[in-house]
Amino acid sequence: MKRELQRIEIPGEYDARRRTWEVVRAAYVEREPVSWPRRHARELALAAAAVAIVAAAVTPAGRSVVNSIRDAVGREKVAGIRNAQRELVRLPAPGRLLVQSRRGAWVVQQDGSRRRLGPYRDAAWSPHGRFVAGVLNKRELVTLEPDGTVRWEKPHKQRLAFPRWSYEGYRIAYFAGSTLHVIVGNGTNDRAIGRADSSVAPAWRPGTHEVGYVGTGGLVRVVDADARKLLWHAPPEANGIRALTWSDDGERLLVLGHQSVSVYRASGRVVGRTPTLALSKAAAFAPGSHRFALTSGSLLLLVDGDTLRFPSRPLFTGAPALGDAAWSPNGKWLLVAWPAADQLVFIRMGGTPKLDAVSNVSRQFLSRTFPGIAGWAVSIG
(Lines give C-alpha, C1' and ligand atoms only; values in the text may rest on other atoms or scores of the structure.)
Protein backbone atom coordinates (compact mmCIF):
# COMPACT_ATOMS: atom_id res chain seq x y z
CA MET A 1 0.00 0.00 0.00
CA LYS A 2 2.85 2.39 0.87
CA ARG A 3 4.48 1.92 -2.53
CA GLU A 4 1.17 2.40 -4.32
CA LEU A 5 0.54 5.67 -2.47
CA GLN A 6 4.04 6.88 -3.31
CA ARG A 7 3.38 6.35 -7.02
CA ILE A 8 0.27 8.57 -7.04
CA GLU A 9 1.10 11.95 -8.56
CA ILE A 10 -0.27 14.82 -6.46
CA PRO A 11 -2.28 17.30 -8.56
CA GLY A 12 -0.10 20.25 -9.50
CA GLU A 13 3.08 18.53 -8.29
CA TYR A 14 4.77 18.51 -11.69
CA ASP A 15 3.83 22.14 -12.41
CA ALA A 16 5.29 23.18 -9.06
CA ARG A 17 8.43 21.23 -9.85
CA ARG A 18 8.71 22.98 -13.21
CA ARG A 19 8.32 26.44 -11.65
CA THR A 20 11.03 25.62 -9.12
CA TRP A 21 13.23 24.26 -11.88
CA GLU A 22 13.02 27.47 -13.92
CA VAL A 23 14.54 29.37 -10.99
CA VAL A 24 17.24 26.74 -10.53
CA ARG A 25 17.99 26.60 -14.26
CA ALA A 26 18.37 30.38 -14.48
CA ALA A 27 20.88 30.27 -11.64
CA TYR A 28 22.66 27.35 -13.30
CA VAL A 29 23.07 29.17 -16.61
CA GLU A 30 24.53 32.22 -14.87
CA ARG A 31 26.91 30.32 -12.65
CA GLU A 32 30.60 29.82 -13.31
CA PRO A 33 31.11 26.05 -13.94
CA VAL A 34 33.24 24.38 -11.29
CA SER A 35 34.30 20.78 -11.90
CA TRP A 36 34.11 18.19 -9.13
CA PRO A 37 37.03 15.76 -9.15
CA ARG A 38 35.86 12.20 -9.51
CA ARG A 39 38.63 11.02 -7.23
CA HIS A 40 36.60 12.16 -4.21
CA ALA A 41 33.55 10.04 -5.04
CA ARG A 42 34.92 6.86 -3.48
CA GLU A 43 35.93 8.62 -0.27
CA LEU A 44 32.51 10.24 0.05
CA ALA A 45 30.76 6.92 -0.52
CA LEU A 46 32.92 5.21 2.11
CA ALA A 47 32.33 8.03 4.58
CA ALA A 48 28.59 7.88 4.05
CA ALA A 49 28.59 4.13 4.53
CA ALA A 50 30.60 4.46 7.75
CA VAL A 51 28.19 7.06 9.14
CA ALA A 52 25.23 4.85 8.29
CA ILE A 53 26.80 1.83 9.97
CA VAL A 54 27.56 3.75 13.16
CA ALA A 55 24.06 5.23 13.21
CA ALA A 56 22.51 1.82 12.74
CA ALA A 57 24.55 0.41 15.60
CA VAL A 58 23.50 2.98 18.16
CA THR A 59 19.95 4.15 17.34
CA PRO A 60 16.64 2.80 16.02
CA ALA A 61 16.49 5.86 13.78
CA GLY A 62 19.85 4.89 12.37
CA ARG A 63 18.53 1.46 11.48
CA SER A 64 15.65 3.18 9.70
CA VAL A 65 18.17 5.21 7.67
CA VAL A 66 19.97 2.04 6.63
CA ASN A 67 16.66 0.48 5.59
CA SER A 68 15.90 3.53 3.45
CA ILE A 69 19.31 3.25 1.79
CA ARG A 70 18.68 -0.42 1.07
CA ASP A 71 15.37 0.48 -0.55
CA ALA A 72 17.10 3.11 -2.67
CA VAL A 73 19.63 0.64 -4.05
CA GLY A 74 17.08 -1.99 -4.92
CA ARG A 75 16.06 -4.14 -1.95
CA GLU A 76 12.52 -4.04 -3.36
CA LYS A 77 11.70 -3.92 -7.05
CA VAL A 78 9.56 -0.99 -8.15
CA ALA A 79 5.96 -2.12 -8.72
CA GLY A 80 5.79 -0.64 -12.22
CA ILE A 81 2.66 -0.72 -14.38
CA ARG A 82 0.30 -3.20 -12.77
CA ASN A 83 -1.50 -4.45 -15.90
CA ALA A 84 1.72 -5.06 -17.84
CA GLN A 85 2.05 -8.17 -20.00
CA ARG A 86 4.29 -10.88 -18.56
CA GLU A 87 5.85 -11.64 -21.95
CA LEU A 88 6.82 -9.58 -24.98
CA VAL A 89 4.42 -11.33 -27.36
CA ARG A 90 4.38 -8.67 -30.09
CA LEU A 91 5.60 -5.19 -30.98
CA PRO A 92 2.86 -2.57 -31.33
CA ALA A 93 4.30 -1.22 -34.60
CA PRO A 94 6.08 -2.73 -37.61
CA GLY A 95 9.80 -3.37 -37.31
CA ARG A 96 12.30 -5.32 -35.24
CA LEU A 97 14.03 -4.53 -31.99
CA LEU A 98 17.73 -4.99 -31.37
CA VAL A 99 18.34 -5.66 -27.69
CA GLN A 100 21.71 -5.77 -25.91
CA SER A 101 22.02 -7.86 -22.75
CA ARG A 102 25.01 -9.20 -20.88
CA ARG A 103 24.40 -12.53 -22.59
CA GLY A 104 24.74 -10.91 -26.01
CA ALA A 105 22.70 -9.30 -28.78
CA TRP A 106 19.10 -10.29 -29.54
CA VAL A 107 16.69 -9.57 -32.40
CA VAL A 108 12.98 -9.36 -31.58
CA GLN A 109 10.55 -9.75 -34.48
CA GLN A 110 7.22 -7.94 -34.62
CA ASP A 111 5.40 -11.12 -33.56
CA GLY A 112 7.51 -11.25 -30.38
CA SER A 113 9.76 -14.13 -31.44
CA ARG A 114 13.34 -13.48 -30.47
CA ARG A 115 16.72 -14.81 -31.50
CA ARG A 116 20.02 -14.54 -29.66
CA LEU A 117 22.62 -13.64 -32.26
CA GLY A 118 25.58 -14.52 -30.05
CA PRO A 119 27.82 -13.03 -27.36
CA TYR A 120 28.18 -9.73 -29.18
CA ARG A 121 28.28 -6.38 -27.43
CA ASP A 122 27.77 -2.78 -28.61
CA ALA A 123 25.45 -4.10 -31.32
CA ALA A 124 23.94 -1.71 -33.88
CA TRP A 125 21.59 -1.95 -36.87
CA SER A 126 22.69 -1.11 -40.39
CA PRO A 127 20.29 1.09 -42.41
CA HIS A 128 16.89 -0.60 -42.92
CA GLY A 129 17.89 -3.35 -40.50
CA ARG A 130 19.66 -5.46 -43.12
CA PHE A 131 22.72 -6.24 -40.99
CA VAL A 132 24.04 -5.94 -37.46
CA ALA A 133 27.53 -4.90 -36.38
CA GLY A 134 28.97 -5.88 -33.03
CA VAL A 135 32.10 -6.67 -31.07
CA LEU A 136 33.09 -10.26 -30.24
CA ASN A 137 35.63 -11.16 -27.55
CA LYS A 138 36.47 -7.46 -27.12
CA ARG A 139 38.82 -7.44 -30.13
CA GLU A 140 36.87 -8.67 -33.16
CA LEU A 141 34.67 -6.44 -35.30
CA VAL A 142 31.85 -8.56 -36.72
CA THR A 143 29.00 -7.93 -39.16
CA LEU A 144 26.17 -10.42 -39.44
CA GLU A 145 22.67 -10.90 -40.74
CA PRO A 146 19.65 -10.72 -38.40
CA ASP A 147 19.44 -14.53 -38.44
CA GLY A 148 22.96 -14.76 -36.97
CA THR A 149 24.85 -15.58 -40.18
CA VAL A 150 28.27 -13.90 -40.01
CA ARG A 151 29.21 -11.80 -43.06
CA TRP A 152 32.77 -10.93 -42.07
CA GLU A 153 35.07 -10.57 -39.07
CA LYS A 154 38.08 -8.34 -38.51
CA PRO A 155 40.35 -9.00 -35.51
CA HIS A 156 42.27 -6.16 -33.89
CA LYS A 157 45.10 -5.85 -31.38
CA GLN A 158 43.25 -3.24 -29.33
CA ARG A 159 39.94 -3.32 -27.52
CA LEU A 160 37.05 -2.35 -29.80
CA ALA A 161 33.83 -0.48 -29.07
CA PHE A 162 30.69 1.03 -30.62
CA PRO A 163 30.61 0.08 -34.32
CA ARG A 164 28.10 2.35 -36.07
CA TRP A 165 26.93 2.30 -39.72
CA SER A 166 26.74 5.27 -42.08
CA TYR A 167 23.36 6.16 -43.57
CA GLU A 168 23.61 3.78 -46.54
CA GLY A 169 25.78 1.09 -44.94
CA TYR A 170 28.95 1.87 -46.93
CA ARG A 171 31.00 2.86 -43.87
CA ILE A 172 31.34 1.69 -40.26
CA ALA A 173 32.87 3.90 -37.60
CA TYR A 174 34.24 2.23 -34.48
CA PHE A 175 36.80 2.68 -31.72
CA ALA A 176 40.05 0.75 -31.44
CA GLY A 177 41.48 1.70 -28.09
CA SER A 178 41.21 5.48 -27.90
CA THR A 179 41.24 6.04 -31.68
CA LEU A 180 38.26 6.43 -34.00
CA HIS A 181 38.48 4.22 -37.10
CA VAL A 182 36.35 4.09 -40.23
CA ILE A 183 36.15 0.95 -42.36
CA VAL A 184 34.26 0.22 -45.58
CA GLY A 185 31.09 -1.78 -45.02
CA ASN A 186 32.57 -4.88 -46.67
CA GLY A 187 35.46 -5.00 -44.17
CA THR A 188 38.16 -3.33 -46.30
CA ASN A 189 40.15 -0.07 -46.25
CA ASP A 190 40.33 0.47 -42.50
CA ARG A 191 41.64 3.96 -41.61
CA ALA A 192 42.31 5.81 -38.37
CA ILE A 193 40.55 9.17 -38.01
CA GLY A 194 41.78 10.59 -34.72
CA ARG A 195 42.00 10.35 -30.93
CA ALA A 196 38.63 9.99 -29.26
CA ASP A 197 36.67 9.31 -26.10
CA SER A 198 35.65 5.69 -26.66
CA SER A 199 32.89 5.81 -24.03
CA VAL A 200 30.57 7.81 -26.34
CA ALA A 201 29.37 6.15 -29.55
CA PRO A 202 30.11 7.98 -32.83
CA ALA A 203 27.15 9.35 -34.81
CA TRP A 204 26.93 9.55 -38.61
CA ARG A 205 25.16 12.51 -40.16
CA PRO A 206 22.39 11.11 -42.40
CA GLY A 207 22.95 11.49 -46.11
CA THR A 208 26.70 12.07 -45.73
CA HIS A 209 29.95 10.47 -44.67
CA GLU A 210 30.34 13.06 -41.93
CA VAL A 211 30.70 11.55 -38.46
CA GLY A 212 30.45 13.20 -35.07
CA TYR A 213 32.42 11.98 -32.07
CA VAL A 214 33.90 13.20 -28.81
CA GLY A 215 37.57 14.00 -29.16
CA THR A 216 40.28 14.72 -26.63
CA GLY A 217 39.36 17.21 -23.95
CA GLY A 218 35.66 16.50 -24.45
CA LEU A 219 35.42 18.51 -27.70
CA VAL A 220 32.62 17.45 -30.03
CA ARG A 221 34.17 16.98 -33.47
CA VAL A 222 32.45 16.52 -36.83
CA VAL A 223 34.73 15.23 -39.61
CA ASP A 224 34.48 14.22 -43.25
CA ALA A 225 35.49 10.57 -42.82
CA ASP A 226 36.53 10.07 -46.45
CA ALA A 227 38.77 13.13 -46.58
CA ARG A 228 39.71 12.84 -42.87
CA LYS A 229 39.03 16.56 -42.58
CA LEU A 230 37.68 18.41 -39.55
CA LEU A 231 34.54 20.33 -40.50
CA TRP A 232 33.72 21.92 -37.14
CA HIS A 233 33.94 21.37 -33.43
CA ALA A 234 31.95 22.36 -30.36
CA PRO A 235 32.95 22.90 -26.72
CA PRO A 236 32.65 20.13 -24.13
CA GLU A 237 29.65 19.83 -21.82
CA ALA A 238 30.29 20.91 -18.23
CA ASN A 239 29.56 17.50 -16.72
CA GLY A 240 30.66 15.25 -19.56
CA ILE A 241 28.86 13.81 -22.59
CA ARG A 242 26.64 10.74 -22.61
CA ALA A 243 25.53 10.51 -26.25
CA LEU A 244 25.44 12.11 -29.72
CA THR A 245 22.53 11.75 -32.13
CA TRP A 246 21.42 13.35 -35.41
CA SER A 247 17.91 14.14 -36.61
CA ASP A 248 17.06 11.98 -39.62
CA ASP A 249 17.26 14.96 -42.00
CA GLY A 250 20.84 15.60 -40.85
CA GLU A 251 20.07 19.20 -39.86
CA ARG A 252 20.37 18.89 -36.06
CA LEU A 253 23.04 17.30 -33.87
CA LEU A 254 21.98 16.69 -30.29
CA VAL A 255 24.73 16.50 -27.68
CA LEU A 256 23.38 14.85 -24.55
CA GLY A 257 25.39 15.68 -21.46
CA HIS A 258 24.95 13.97 -18.13
CA GLN A 259 23.13 17.07 -16.89
CA SER A 260 22.63 19.16 -20.03
CA VAL A 261 21.37 19.17 -23.61
CA SER A 262 22.91 21.10 -26.51
CA VAL A 263 21.62 21.20 -30.10
CA TYR A 264 23.67 22.29 -33.13
CA ARG A 265 22.87 22.99 -36.77
CA ALA A 266 24.67 20.97 -39.42
CA SER A 267 26.96 23.97 -39.94
CA GLY A 268 28.12 23.83 -36.32
CA ARG A 269 26.14 26.86 -35.19
CA VAL A 270 24.56 26.28 -31.79
CA VAL A 271 20.75 26.26 -31.60
CA GLY A 272 20.71 26.26 -27.81
CA ARG A 273 21.96 24.76 -24.57
CA THR A 274 20.08 23.99 -21.38
CA PRO A 275 20.57 22.01 -18.18
CA THR A 276 18.28 19.03 -17.71
CA LEU A 277 15.91 18.39 -14.84
CA ALA A 278 18.04 15.51 -13.53
CA LEU A 279 20.70 13.06 -14.69
CA SER A 280 19.89 12.18 -18.30
CA LYS A 281 20.09 8.71 -19.78
CA ALA A 282 18.94 8.88 -23.40
CA ALA A 283 17.64 11.12 -26.18
CA ALA A 284 16.15 10.14 -29.54
CA PHE A 285 14.81 12.30 -32.38
CA ALA A 286 11.34 11.43 -33.63
CA PRO A 287 11.34 10.26 -37.28
CA GLY A 288 10.80 13.18 -39.66
CA SER A 289 10.99 15.74 -36.88
CA HIS A 290 13.31 17.91 -34.79
CA ARG A 291 11.45 16.93 -31.62
CA PHE A 292 13.27 14.49 -29.42
CA ALA A 293 12.35 12.20 -26.56
CA LEU A 294 14.49 12.71 -23.47
CA THR A 295 14.74 10.57 -20.34
CA SER A 296 15.80 12.80 -17.45
CA GLY A 297 15.71 11.12 -14.07
CA SER A 298 12.21 9.69 -13.66
CA LEU A 299 10.71 11.80 -16.47
CA LEU A 300 10.15 11.08 -20.15
CA LEU A 301 9.91 14.42 -21.98
CA LEU A 302 9.22 15.45 -25.57
CA VAL A 303 11.44 18.46 -26.33
CA ASP A 304 11.40 20.84 -29.31
CA GLY A 305 14.87 20.60 -30.84
CA ASP A 306 14.51 23.96 -32.62
CA THR A 307 13.79 25.94 -29.45
CA LEU A 308 14.86 23.56 -26.63
CA ARG A 309 11.50 24.34 -25.07
CA PHE A 310 10.58 21.81 -22.41
CA PRO A 311 6.94 20.65 -22.18
CA SER A 312 4.61 21.64 -19.36
CA ARG A 313 4.01 17.98 -18.53
CA PRO A 314 6.01 14.75 -19.01
CA LEU A 315 4.88 11.99 -21.35
CA PHE A 316 5.53 9.42 -18.63
CA THR A 317 6.96 9.21 -15.12
CA GLY A 318 8.77 6.15 -13.78
CA ALA A 319 10.64 6.45 -10.49
CA PRO A 320 13.43 6.26 -9.59
CA ALA A 321 14.81 6.61 -13.13
CA LEU A 322 14.06 5.74 -16.75
CA GLY A 323 16.55 4.37 -19.26
CA ASP A 324 16.88 3.99 -23.03
CA ALA A 325 14.34 5.38 -25.50
CA ALA A 326 13.61 4.38 -29.10
CA TRP A 327 11.00 5.37 -31.70
CA SER A 328 9.18 2.92 -33.91
CA PRO A 329 10.21 3.36 -37.55
CA ASN A 330 6.82 4.90 -38.40
CA GLY A 331 7.09 7.34 -35.48
CA LYS A 332 3.73 6.30 -34.00
CA TRP A 333 5.10 4.58 -30.88
CA LEU A 334 7.81 5.49 -28.41
CA LEU A 335 9.54 2.80 -26.37
CA VAL A 336 11.13 3.65 -23.02
CA ALA A 337 12.99 1.35 -20.63
CA TRP A 338 12.12 1.29 -16.93
CA PRO A 339 14.96 -0.75 -15.38
CA ALA A 340 13.87 -0.54 -11.72
CA ALA A 341 10.47 -2.02 -12.64
CA ASP A 342 12.06 -4.50 -15.11
CA GLN A 343 9.63 -3.23 -17.74
CA LEU A 344 9.52 -1.96 -21.30
CA VAL A 345 6.87 0.73 -21.77
CA PHE A 346 5.35 1.42 -25.22
CA ILE A 347 3.58 4.78 -25.61
CA ARG A 348 1.35 5.49 -28.60
CA MET A 349 2.13 8.99 -29.89
CA GLY A 350 -0.47 9.28 -32.64
CA GLY A 351 -4.24 8.98 -32.41
CA THR A 352 -5.86 7.93 -29.14
CA PRO A 353 -3.27 7.87 -26.32
CA LYS A 354 -2.36 4.37 -25.26
CA LEU A 355 0.25 2.79 -23.04
CA ASP A 356 1.39 -0.86 -23.16
CA ALA A 357 3.99 -2.39 -20.88
CA VAL A 358 5.90 -5.66 -20.67
CA SER A 359 7.35 -7.07 -17.43
CA ASN A 360 10.07 -9.63 -16.66
CA VAL A 361 12.28 -8.17 -19.37
CA SER A 362 15.62 -9.28 -17.87
CA ARG A 363 14.49 -12.91 -17.62
CA GLN A 364 13.31 -12.95 -21.23
CA PHE A 365 16.80 -11.99 -22.39
CA LEU A 366 18.59 -14.34 -19.97
CA SER A 367 20.16 -11.46 -18.09
CA ARG A 368 20.57 -10.66 -14.41
CA THR A 369 20.64 -6.97 -15.28
CA PHE A 370 18.23 -4.94 -17.38
CA PRO A 371 19.13 -5.07 -21.09
CA GLY A 372 19.63 -2.06 -23.35
CA ILE A 373 17.58 -1.03 -26.37
CA ALA A 374 19.97 -0.89 -29.32
CA GLY A 375 17.45 0.20 -31.95
CA TRP A 376 14.04 -0.30 -33.58
CA ALA A 377 14.54 -0.92 -37.28
CA VAL A 378 12.17 -1.47 -40.19
CA SER A 379 11.41 -5.01 -41.26
CA ILE A 380 12.72 -6.19 -44.64
CA GLY A 381 11.83 -9.00 -46.95
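The values are calculated or read from the model by the stated rules, or taken from the named source; none is laboratory data. Here the structure is a predicted model, which is why all the values come from computation and not from measurement. When we count neighbours, we look across all protein chains shown, and the Cβ atoms used for this are built from the backbone with ideal geometry, even at glycine. Surface accessibility is based on the protein's heavy atoms, side chains included, excluding ligands, DNA and RNA. Shrake-Rupley method; radii C 1.70, N 1.55, O 1.52, S 1.80 Å.
Other residues lying with their Cβ under 15 Å from the Cβ of Leu231 contribute a combined charge of +2, Lys and Arg counting +1, Asp and Glu -1.
Prolate is the label for the range 119-261. Its Cα gyration tensor axes, ordered a ≥ b ≥ c, give a/c of at least 1.5 and a/b above b/c.
Neighbours of Glu87 by Cβ distance under 14 Å: Lys/Arg scored +1, Asp/Glu scored -1, total +1. Length available on full extension from Thr216 to Thr307: 0.36 nm per residue minus the Cα-Cα distance, which gives 29.9 nm.
Surface exposure of the range 189-334, expressed per residue as accessible area with a 1.4 Å probe, stands at 39 Å². Given +1 at the Cβ of Lys and Arg, -1 at the Cβ of Asp and Glu and no other charges, the dipole of the range 96-377 around its Cα centre is 500 debye to the nearest 20.
Charged side chains reduced to their Cβ positions (Lys and Arg at +1, Asp and Glu at -1) give the range 162-206 a dipole of some 80 debye around its Cα centre. Figure the gain on full extension for Lys354 and Gln158 (residue separation times 0.36 nm, minus the Cα-Cα span) and round it to one decimal in nm. Separation in residues times 0.36 nm, less the Cα-Cα distance, equals 65.9 nm. Using a cut-off of 9 Å between beta-carbons, work out the net charge of the residues near Val135 (Lys and Arg +1, Asp and Glu -1, Val135 not included). Counting the neighbours of Val135, the net charge comes to +2.
Which value, in debye to the nearest 20, gives the size of the charge dipole of the range 298-381 about its Cα centre, when Lys and Arg are +1 and Asp and Glu are -1 at the Cβ?
Taking the Cα centre of the range 298-381 as origin, the dipole is about 160 debye.
Note the per residue figure in Å³ for the convex hull of the C-alpha positions in the range 321-381.
Convex hull volume per residue, Cα atoms: 98 Å³.
What part of the accessible area of the range 96-377, given as a whole %, is carbon or sulfur when the probe is 1.4 angstrom? Heavy-atom surface of the range 96-377 belonging to carbon and sulfur, 1.4 Å probe: 46 percent. For the set Glu237, Glu87, the ranking by accessible area, highest first and with no ligand, DNA or RNA atoms included, is Glu87, Glu237 under a 1.4 Å probe. The range 244-337 has equivalent-ellipsoid semi-axes of 20, 16, 10 Å, by the square roots of 5 times the alpha carbon gyration tensor eigenvalues, sorted largest first. Binning the C-alpha pair distances of the range 96-377 at 5 Å intervals from 0 yields a P(r) profile of 1, 6, 13, 17, 19, 18, 14, 8, 3, 0, 0 %, listed from the shortest bin outward.
Decide, for the range 265-309, between rounded, prolate and oblate: order the square roots of the alpha carbon gyration tensor eigenvalues as a ≥ b ≥ c, take rounded if a/c falls under 1.5, and otherwise choose prolate if a/b is larger than b/c, else oblate. Here the range 265-309 falls in the oblate category. Spacing of the modelled spin labels on Lys229 and Arg116, each 7 Å from Cα toward Cβ, amounts to 4.8 nm.
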